[in-house]
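Following: one structure in structure tokens, then a few remarks.
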Amino acid sequence: MKPQDLGKPTEQFCQLNKLQPLPPPYDQPGMEPDFKPLKDSWKEGYCATLDGFVGNELLKRPTTKEAEDEMIKKFLSGMEKLLSADTNRNWIQPLMLSFEYCAKCNTCSEACHIFESSGGMEIYRPIFRSEVLRKMYLKHKQGGGLLTRFMGGNIDINIESIMRLGELVYRCNLCRRCAQTCPLGLDNGLMTKEIRKIFSMEMGIAPLALHEGGTVKQLATGSSTGITKAAFLDMIEFMEDDLEEYTGKKYKVPIDKKGADIMLIHNAGEFMAWPDNPLAFVILFEEAGLNWTMCSDDLIGYDNVNYGVWYDDAQARKIGAAQKAAAKKLGVKRIIQGECGHAHRAAMVSMDRISVDDHIPNESCFPLMLDILKNRKFEIDPSRNNFPVTIHDPCNYVRSMGIVKPQREIIKMIVPAGQFREMTPHGVNNYCCGGGSGFAIMNSFNFEDFRNKIASRKKFEQIIAAFPDTIENPDIIKYVCAPCSNCKGAIRDILEYYQATEKFNVQYDGLIELIINAMTKFDKPFLHFLRDEEDQF
Amino acid sequence: MPHIEVDGQQIEVDEDGFLITIDNWNEGVAHYFMKEEGIEELTEEHWKLINYLRDYFFQFGIAPMIRKLCKESGFNLKKVYQLFPSGPAKGACKLAGLPKPTGCV
């Protein structure tokens, strides 16, 4: 199973049969659901020949020789554009460093949760797909002669290798734990994202959840969720009523307040799936007396996601520029990103490289939340959060941006001493939730199985292992604090998949919900699983 | 794209069985999905949720927040799950002909 064999016509390139064991009580038979069977229609129409998973809906198997030739031609032209400074100006430098200098020491493999969880499957090594690209480029540039083969260009560039590579780039969370450990500082996560660009930007191939249901929808409606300006305003009105019912106090959510100090922007998925999170921000910011606002501009002021950074520079640039323009138009002093990891990185790191107009200070919510707590005008009582708590570190702002301590200082203030426990490892050495780079929202075919059983396996193992003393006691709540919309989605799915909430009372939510739950001015608990049934919804 | 057959008509659905366009919905579609959902009969309570979802979708272009759905219908989430075992998104929205939810939800 070597990179050069990727074009060989086998029914399935590899078979997963020895996943890494899970810790107790999940080491018992029957505790883990089996893989869903592969359907014949998936095999015929898409690419199921890599590892038996299908995730990329637009990666369709061509039905005629002409279509096949066309697909190969486009792939090759995309590869040329990717590796040219004229057409890939923003990324060519880090791309070429990783492309040219890898010593293939495989240190990165040991750092990859997907490689490890899969039981050491060769194709999931971080360097595997980079090596495929290297071989293809060499072969394409120099032909298939003996010297090229000797130098490493010994791969068949055919429909099978291209299709398999198109799936393989969606077997990496882009968490960049491999880049962190590389002795040469090379970034195979970046390489994966760059290869995704060949498929998306040149061939029009990307998972629907990222493209049509993601960036395209966001540019058309204002949000990848499809929330329009009218729907956003309807939600805010509803949230104000909801808040009044819960707190007995009338909070007015500031919308489109010109010249405010802060424009708060959330992942719009929060409004739909976890409305407690934006509600908690309203309470905290209002109680702190901040001069803040949210923005209802439908291009694009109320959704901080930018799925373009996972697969397509052109989409990423358009979205990033629109978000900055919305803030500029309002004349706010700075943007504060809510609890969304990928938005943190997209807006604060990636956009510096690919969209340089309309610069506006862009900051994380976590240091601000800590400042508010340190200078608070309200009382908090940690005993209101009296259950074991662990925290998940979202890769995008922890490993990639170094925001590690504020969350922990906050937790120490709002959770009783002795209840907080770290995962192993944690901080910048954390493992991805398994939902990174779009996986949390990719649910077609049997891709969920790949996410829940392999990509998220390490995280699930870490969660269980964080509560060795209490995991098997369903009377004790165990709280996984996951301050990121995408991670929350992936963690919600594993807790459901492995029935960890149902069987062992493992709960999850963000960080700000814990803060509000500790505020003594409210009689009722804020966390949804502590509320009485009639207050649940 | 896969299809479902309702009253002799072929209707396009996505890989998860959601309608591609809400315009193709009719009561027959709800009855078709009902069987997949394991619902024996669509009661007045089911229709109350389905109609609310459709009205909201036509007004705003998306499904309502789950909490709003509960509040406006007077059914708590537990009750929604009793009516639609796969839940509000995968169950109720599908029967109402709404497209699959997108974004980080």
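Assorted remarks:
- Between residue B:14 and residue A:43, the modelled label-to-label distance comes to 2.6 nm, taking each label 7 Å out from Cα in the direction of the beta carbon.
- Computed from the C-beta positions of residue A:84 and residue A:17 and an R0 of 30 Å, the FRET efficiency is 0.15 to the nearest 0.05.
- Within region A:281-331, the proportion of Cα pairs with more than 17 Å between them is 47 percent.
- Model label zone, residue B:40; criterion: amide N under 17 Å from point 7 Å along Cα-to-beta-carbon; scope region B:70-105: B:82-85
- A dipole drawn for chain A from +1 and -1 charges on Cβ atoms has a positive end, and of A:387, A:87, A:63 the residue lying farthest that way is A:87.
- Sorting A:191-201, B:7-17 by average packing, meaning the other beta carbons within 10 Å per residue, from highest down gives A:191-201, B:7-17.
- Convex hull per residue volume in Å³, alpha carbons only, for region A:215-535: 127 Å³
- Protein heavy-atom accessible area occluded, A/B pair - total, 1.4 Å probe, Å²: 2700 Å²
- Test item: Cα-centred dipole of chain B, Lys/Arg +1 and Asp/Glu -1 on Cβ, debye: 700 debye
- Extent of region A:389-481 along its three principal axes (Cα atoms, max minus min coordinate, largest first): 45, 36, 18 Å.
- Where Rh is the Kirkwood radius over Cα pairs, Rg/Rh for the protein assembly as shown: 0.96
- Here the gap between residue A:1 and residue A:100, fully extended at 0.36 nm per residue and compared with their Cα-Cα distance, gives a gain of 33.4 nm.
- Average partner coverage of A:270-276, which counts Cβ from other chains inside 10 Å: 5
- Residue by residue along A:209-215, Cβ atoms of other protein chains within 10 Å of the local Cβ number 2 on average.
- When nucleic acids and ligands are ignored and a 1.4 Å probe is applied, residue B:21 ends up with an accessible area of around 50 Å².
- No disulfide-compatible partner, judged by a Cβ distance under 4.7 Å, exists for the following cysteines of chain A: A:14, A:47, A:102, A:105, A:112, A:172, A:182, A:295, A:340, A:365, A:481.
- Charged side chains reduced to their Cβ positions (Lys and Arg at +1, Asp and Glu at -1) give chain A a dipole of some 2000 debye around its Cα centre.
- Between the residues B:105, B:25, A:432, the greatest Cα displacement towards the positive end of the dipole of the protein assembly as shown, with unit charges on the Cβ of Lys, Arg, Asp and Glu, is found for A:432.
- Between residue B:51 and residue A:72, the FRET efficiency from the beta-carbon distance, with R0 = 45 Å, is close to 0.35.
- C-alpha long axis of helix A:485-497 to longest principal axis of chain A, angle in °: 80 degrees
- Vicinal HN-Hα couplings computed from phi for region A:517-532 (Karplus, 6.51 cos²θ - 1.76 cosθ + 1.60; Hz; Gly/Pro x): 4, 8, 6, 6, 6, 9, 6, 8, x, 8, 5, 4, 7, 9, 6, 5
- Solvent-accessible surface of region A:3-202, averaged per residue with a 1.4 angstrom probe and all protein chains in place: 44 square angstrom.
- Calculated mean residue ellipticity, 222 nm, chain A: -12000 deg cm²/dmol, from DSSP H runs (n ≥ 4) at -39500 (n - 2.57) each, averaged per residue and rounded to 500.
- Rounded to 10°, Cα long-axis angle of helix A:92-101 versus longest principal axis of chain A: 60 degrees
- Accessible surface, region A:269-417, averaged per residue in Å² (probe 1.4 Å): 31 Å²
- Taking the accessible area of chain A, probe 1.4 Å, and keeping the other protein chains in place, the carbon and sulfur fraction comes to 51%.
- Amide H contacts for residue B:6 (H built 1.01 Å from N in the peptide plane; partners 5 or more residues away or on another chain; cut-off under 5 Å): B:11.
- GluC sites (Glu not before Pro) within region A:327-420: DSSP coil, no more than 11 neighbouring Cβ in 10 Å: A:379
- Around the amide H of residue A:387, modelled in the peptide plane, lies no amide H under 5 Å away from a residue 5 or more places distant or on another chain.
- Sparse packing (at most 12 other Cβ atoms within 10 Å of the Cβ) combined with a DSSP loop state is found for the following trypsin sites (Lys or Arg not before Pro) in region A:247-298: A:249, A:250, A:252, A:258.
- Amide H within-cut-off set for residue A:205, under 5 Å, with H built and near neighbours excluded: A:200
- The phi torsions of region A:446-458, fed into the Karplus equation with coefficients 6.51, -1.76 and 1.60 and a -60° offset, translate into couplings of 10, 5, 4, 4, 4, 5, 5, 9, 10, 4, 8, 4, 4 Hz, rounded to whole numbers, with Gly and Pro shown as x.
- Of the two radii for region B:3-95, the radius of gyration is 0.94 times the Kirkwood radius, both from the alpha carbons; that is the Rg over Rh value.
- Across region B:65-105, the residues whose backbone nitrogen lies under 17 Å from the label position 7 Å along the beta-carbon direction of residue A:529 are B:78.
- Across peptide B:64-71, the average count of Cβ atoms from other chains found within 10 Å of a residue's Cβ is 6.
- Simple spin-label estimate for residue A:520 and residue B:3 in nanometres, 7 Å along Cα-Cβ: 6.8 nm
- Where only alpha carbons of region A:73-171 are counted, the Rg and the Dmax (Å): 14.2, 41
- Solvent-free Debye calculation, one equal scatterer per alpha-carbon of region A:227-340: log10 I(q)/I(0) at 0.10, 0.21 Å⁻¹ equals -0.28, -1.19.
- The residue among A:441, A:99, A:251 whose Cα reaches farthest toward the positive pole of the charge dipole of the protein assembly as shown, with charges on the beta-carbon of Lys, Arg, Asp and Glu, is A:99.
The values are calculated or read from the model by the stated rules, or taken from the named source; none is laboratory data. This one's a predicted model, so the numbers in the text were calculated from it and none came from an experiment. Cβ atoms come from the backbone with ideal geometry, glycine included; neighbour counts cover every protein chain shown. Note: accessible area is taken over every heavy atom of the protein model, side chains too, but ligands, DNA and RNA are not part of it. Shrake-Rupley method; radii C 1.70, N 1.55, O 1.52, S 1.80 Å.
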